[in-house]
Amino acid sequence: MLFFAQIVAMFVTLLVLLGIAGFLVFAERRVLGLLQNRLGPNRLGPLGVGQALADALKLLCKEDFVPPFASGLLYRTAPILVAFSALAGFAVLPLAPGISWAGDWEIGLLLILALSSLHVYGVFLGGWSSNNKFALYGAIRAVAQLISYELPMGLALLALVLLAGSLALQGLGAAGQPVPLIVYQPLGFLIFFIAGIAETQRLPFDLAEAESELVAGYHTEYGGMRFGYFFLGEYLGLVLIAALISLLYLGAWSGPWLPGWLWMLLKTGFVIGIFFWLRASLPRPRYDQLLHWGWNALLPLAILNLLLTAIAAALWGTL
Amino acid sequence: MLLAEILQRRFAAHPAGDARDELPDFWLPESQILPALAYLRQEREPAMRLLFDLTAREEETASGSQLCLIYHLHSLQPGDWLRLRVSLTGEKAPSCCAIYPAANWYEREIYDLFGIVFTRHPDLRRILLSPDWEGHPLRKAEPLRATERPPLRFERGCLQEQLAVYNPEDAPGEGEMLLNVGPHHPGTHGILRYRLRLRGERVVSVDPDIGYHHRGVEKIAEGHSYHNFIPYTDRVDYLGGVLGEWPYLRAVETLADIRVPERAEGIRTLLAEICRIESHLVWLGSYGNDLGTMGPAFYAFRDRSLLLDLIEDFTGGRLHPQFFRIGGVAEDLPEDWQEKLRPVLDRVEAGLRDTQALSIDNDIFRARTRGIGQVSTAMAERWGATSIVLRSTGSAWDLRKTEPYGFYPQLQFAVPTASDGDAWSRTALHLEEIHESITILRQLLRMMPSGPVLARDAAEALMPKDRTLQDIETLIHHFEQMAAEFGPPAGVALGLGESARGMLGYFVCSDGGPRPQRLRVRTGSFPHVQMITELGQGLAIPDFIASIGSLDYVLADLDR
């Protein structure tokens, strides 16, 4: 009975997450509108919130189309892989102590890193199997970018793990009580934040899509709900990274007056807002500039950060 | 020795009698084209560095139709222009690509539209029309209206065959890849196809495939009276508004020898500068999009809409005011124009700070545009580039300053230049030119002359409608004008203007009839896009997009 209830609850979680992704698309358009001196979608429903539903409905109703020149199986698998890897990460994400499906799982952090690596497989296979030159360029860029930014990201997290002495997300969150870890890890926070944007492939790091150069990058040949999966993956990835940032660095569920889970949500929303803001104001660097930056600046800094943390931990002990 | 003497002695030229503008104008024998051009480009001081335009014309003579080529050369010294005309005996002419690389596309265009074959041309293909087009539409034998042609039909079976001509025979070499950027691509600013040969992500060669927007405006002109053609000039460069009307009217007014009243010149200058700012703002916004930032577009368009509202208020039109008339402008400005213009200028000026912060002051924007799309002065001259592209290479050449027209002689303004010739400089120049235009407009607020806005005494100038119901002379004259009964005296004239896209030239040939015998539109975008064949080489795709975007071309201006 409990098992059955859990299945239903997981299903509800899934639906909520899909709803959040849809809502975020709408929210981003409104926030961008606000930041760019225009309105954004404001017609359907109060504040235009019905737009999220209309968009989802439109994608669902589109023809299920596979281009004749694409390699069918991989073409069909890729978007699912992307959506899956983004969704599965939420299994280990705690909203507050105890509010999570597997928050105290010992390898929670590793699982999230592993899933984000799986994500790039989806992107790459999508671009590769489309058999389109623009998509291929997008796919190649996605892989190059992911490799160069996962290293500093992992190293930044390693320093954190060193401090907290835990790989479980719940434990890492608890380490940020009462003093948020950003206080101990300001550099690590910056590295993780930047690598996180690169990980979600959003402007200014959306080189795999780069619409002015590559039309739509790796998903040029995708339409309808298959494109919708990629979209879903992008926005869920955004939520996941924002939630991780607030969990790991911004003190997770700690905060006065309000319940912990609400604080966690508010912090996540705040970080997402910053992502929107960046998108509204920054141009896209060239891909080699981006890679240079990843390897020549971010990676040495991440190593330095790890070293300093290790020395500090040896001198003064961990948290 | 004077140029005229040299041309006459060495190259057996004789002066042309029917030029009604002040350009030195000579007929050359066919055999002397190449030697004369080589002399002018290489030996003459100052060298004729710019092949401003090359076009053809077909005249009906007693002995049948006669083709001639018309070269417009310029040395980039104030007022130093030269027009050379060559009567052809057949339908062949020597190609001057080796002397002026810019001639490549001009000759292809002439081949396409007139059927003149250029010998030793490196790549003589159709350029504006599709490769399977039959006939050469600017020939007089071709029907004026599309409806007089048989319908264009594709047989079902041969569609593949028809499309085969679009598949390049130049298959990519070893390790190379062919990439079509366009016709539908977000980075090309319109329907235009760049065929790139790539090695990795580096461009080996570029072959722009243009003509998707070709509307045959030069042929259309031959079917319209001089007045009726004015609205078409707005649409050649659809972002330029009245900037396109002005050079056309300068040509017609030169032909008809009309002196435009002072106030009309002031109003023309005023509207032209508003349109210039507006056009520059569109470019600043869309160039941001090329680099992946959405912000500048909205801030630039916010300010632009203020200007469009203003233009609507003054002229009744927004994008295409079609407000200039032969001999002046259609209406006087509204009485409170100064009160309306002043606050808009302040707001546009303040708004520019936002656009600037989001573009040239942004670090990523700098990294993307510094040293990218670098054009040298020699390269700009080689391809006939003008306007901001030329000025970004350090050459302070602006028609408004070097050969002032309209109300510009009375105005104080600077010609901003840069020395790097890169995309960043061109962006900065766009911003600086907006500031200069605002300065000009502020001066016009004080200095706008009074008086009539239309030269009412000239025969070709438009008769005022309000007087037609009062005296019979005006009524008859107005009727005859509207019914296209007469035109300016026979002759040719070149009208020039500094548009936002480059130097715009209208070369109008009149045979005394009510319609132009031949009308040639020389636009800025055409040479700029041709320059991409050289500029694009060796760039990576992102830089390629950043480079072509920085040239500020408009597709309708390119294809006409």
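The values are calculated or read from the model by the stated rules, or taken from the named source; none is laboratory data. Bear in mind that the values here come from a model prediction, so they are computed numbers and not experimental data. All Cβ positions, even for glycine, are placed from backbone atoms using ideal geometry, and neighbour counts span all protein chains on display.
Below are the figures for this structure:
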{"item": "2 or more residues over 27 Å from B:G495 (Cβ atoms) and more than 20 Å from the chain's Cα centre (by Cα): qualifying helices (runs of 4 or more DSSP H) within the stretch B:362-465", "result": "B:363-369, B:423-447"}
{"item": "Tabulated pairs, the stretch A:256-275, first under 23 Å from A:R30 (Cα atoms), second of a type in the set (D, E, K, R), C-beta under 8 angstrom, 6+ apart or interchain", "result": "A:F275/A:R202"}
{"item": "Residues of the stretch A:176-192 that turn out to be surrounded by fewer than 21 Cβ atoms within 10 Å (Cβ to Cβ) and among the hydrophobic types (A, V, I, L, M, F, W, C), as a count", "result": "5"}
{"item": "Entirely in the stretch B:1-108, the strands (runs of 3 or more DSSP E) that have 1 or more residues that are under 30 Å from B:I210 (Cα atoms) and outside the structural domain of B:G394 (by TED's automatic domain parsing)", "result": "B:50-61, B:64-74, B:81-87, B:92-94"}
{"item": "Breaking point among (1) more than 26 Å from A:G176 (Cβ to Cβ); (2) under 21 Å from the mean Cα position of the chain (by Cα); (3) assigned to a loop (DSSP other than H, G, I, E, B), for A:P94", "result": "(1)"}
{"item": "Residue match in the stretch B:538-552 (condition: in contact with a helix residue (DSSP H, G or I) (Cβ under 9 Å, 6 or more places away or on another chain), within 14 Å of another protein chain (Cβ to nearest Cβ) and among the aromatic types (F, W, Y))", "result": "yes"}
{"item": "Residues of the stretch B:201-214 satisfying the condition of being assigned to a loop (DSSP other than H, G, I, E, B), more than 10 Å from chain A (Cβ to nearest Cβ) and touching a strand residue (DSSP E or B) at 6+ places or on another chain (Cβ under 9 Å)", "result": "B:I210, B:Y212"}
{"item": "Considering residues of the stretch B:360-392 that are free of Cβ contacts under 8 Å to residues at least 24 places away in the same chain and among the acidic types (D, E) only, the residue nearest to the other protein chains (Cβ to nearest Cβ)", "result": "B:D363"}
{"item": "Enumeration of residues in the stretch B:283-305 that are facing chain A (nearest Cβ under 10 Å), among the aliphatic types (A, V, I, L, M) and either surrounded by fewer than 24 Cβ atoms within 10 Å (Cβ to Cβ) or out of contact with any Pro (no Cβ under 7 Å at 6 or more places or on another chain) (or both)", "result": "B:M294, B:A297"}
{"item": "Complete set of residues in the stretch B:1-37 that are exposed (fewer than 14 other Cβ atoms within 10 Å of the Cβ) and under 26 Å from the mean Cα position of the chain (by Cα)", "result": "B:E22"}
{"item": "Filtered residues of the stretch B:347-361 (kept if farther than 30 Å from B:Y232 by Cβ and part of a helix (DSSP H, G or I))", "result": "B:R347, B:E349, B:A350, B:G351, B:L352, B:R353, B:D354, B:T355, B:Q356, B:A357, B:L358"}
{"item": "Count of residues meeting criterion [surrounded by 18 or more Cβ atoms within 10 Å (Cβ to Cβ), away from chain B (no Cβ under 14 Å) and assigned to a helix (DSSP H, G or I)] in the stretch A:31-58", "result": "5"}
{"item": "Pick from the stretch B:234-261, criterion surrounded by 23 or more Cβ atoms within 10 Å (Cβ to Cβ) and β-branched (V, I, T), ranking: farthest from B:Q481 (Cα to Cα)", "result": "B:V236"}
{"item": "The stretch B:539-556, subset within 19 Å of B:I191 (Cβ to Cβ), surrounded by 24 or more Cβ atoms within 10 Å (Cβ to Cβ) and among the aliphatic types (A, V, I, L, M), residue farthest from the chain's Cα centre (by Cα)", "result": "B:I545"}
{"item": "Count of residues meeting criterion [more than 15 Å from the chain's Cα centre (by Cα) and facing another protein chain (nearest Cβ under 7 Å)] in the stretch A:200-222", "result": "5"}
{"item": "Of all residues in the stretch A:130-145 being surrounded by fewer than 23 Cβ atoms within 10 Å (Cβ to Cβ) and touching a helix residue (DSSP H, G or I) at 6+ places or on another chain (Cβ under 7 Å), the one that is farthest from the other protein chains (Cβ to nearest Cβ)", "result": "A:V143"}
{"item": "Residue among B:A272, B:A357, B:A330 that is among the aliphatic types (A, V, I, L, M) and within 13 Å of chain A (Cβ to nearest Cβ)", "result": "B:A357"}
{"item": "Cβ pairs under 7 Å, 6+ apart, first in the stretch B:174-198 and farther than 26 Å from B:M294 by Cα and within 12 Å of another protein chain (Cβ to nearest Cβ), second in a strand (DSSP E or B) and of a type in the set (D, E)", "result": "none"}
{"item": "Residue ID - farthest from B:F486 (Cα to Cα), chosen from residues in the stretch B:192-225 that are hydrophobic (A, V, I, L, M, F, W, C) and more than 18 Å from the chain's Cα centre (by Cα)", "result": "B:L198"}
{"item": "Lone unmet requirement of (1) without any contact (Cβ under 8 Å) to a residue 12 or more places away in the chain; (2) of a type outside the set (S, T, Y); (3) closer than 30 Å to B:Q374 by Cα for B:E473", "result": "(3)"}
{"item": "Residue count, the stretch A:151-196 (criterion: within 19 Å of the chain's Cα centre (by Cα), among the small types (G, A, S) and assigned to a helix (DSSP H, G or I))", "result": "6"}
{"item": "Residue among B:P208, B:P186, B:P172, B:P231 that alone is surrounded by fewer than 18 Cβ atoms within 10 Å (Cβ to Cβ) and at pLDDT 85 or above", "result": "B:P231"}
{"item": "Hits in the stretch B:515-536 - residues which are more than 18 Å from the chain's Cα centre (by Cα) and surrounded by 19 or more Cβ atoms within 10 Å (Cβ to Cβ)", "result": "B:P516, B:Q517, B:L535, B:G536"}
{"item": "Failed condition for A:Q289, given (1) surrounded by fewer than 22 Cβ atoms within 10 Å (Cβ to Cβ); (2) more than 14 Å from chain B (Cβ to nearest Cβ)", "result": "(2)"}
